[in-house]
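To start, the structure under review is shown below, and the notes come after it.
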């Protein structure tokens, strides 16, 4: 698979997820609020994007050929860029 295909798949996935989970800023804020309640420390929307990418990195450490993790990292990076631009 070439990089353009991975990026295209990530775009399609991110776009479809918005229909299910709502706007990224709202969804990531909900996640941040729950993580803050659990950890007792402030969590930002961009922290959510970074930590979700780290989840995927941890999975890739075990299974580096798992295609979905690479796609998901691209998607979380794009969403992280979006929530920090607002």
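None of the figures in this text is laboratory data; all of them are computed from the coordinates on show. A quick note: this is a predicted structure, and the numbers were derived from the prediction, not measured. Positions of Cβ are backbone-derived with ideal geometry, glycine not excepted, and every protein chain shown enters the neighbour counts.
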Review point. Against the longest alpha carbon principal axis of the chain, how many degrees, from 0 to 90 and to the nearest 10, is the axis of helix 45-62 turned?
Key: 40 degrees
Point to revise | Percent RCO, i.e. relative contact order, over the stretch 11-63, from Cα pairs under 8 Å lying at least 6 residues apart | key: 25 percent
Practice item. Calculate for the chain the 222 nm mean residue ellipticity that helices alone would give, adding -39,500 (n - 2.57) per DSSP H run of length 4 or more and normalising by residue count, nearest 500 deg cm²/dmol. Key: -28500 deg cm²/dmol
Review point. Could you give the angle, 0 to 90 degrees to the nearest 10, between helix 3-21's Cα long axis and the longest principal axis of the Cα atoms of the chain?
Key: 40 degrees
Revision key, fill the gap. For the chain, the longest principal axis of the Cα atoms and the Cα long axis of helix 24-39 enclose an angle in degrees, to the nearest 10, of 60 degrees
Check your understanding: Between residue 84 and residue 37, what is the label-to-label distance in nm when each label sits 7 Å out along the Cα-to-Cβ direction?
Key -> 2.8 nm
Practice item. Measure off 7 Å from each Cα along the Cα-to-Cβ vector at residue 15 and residue 68, then give the distance between these two points in nanometres to one decimal. Key: 2.1 nm
Review point. From the Cα gyration tensor of the chain, with a ≥ b ≥ c the square roots of its eigenvalues, which class applies: rounded if a/c is under 1.5, or else prolate if a/b is larger than b/c, or else oblate?
Key: oblate
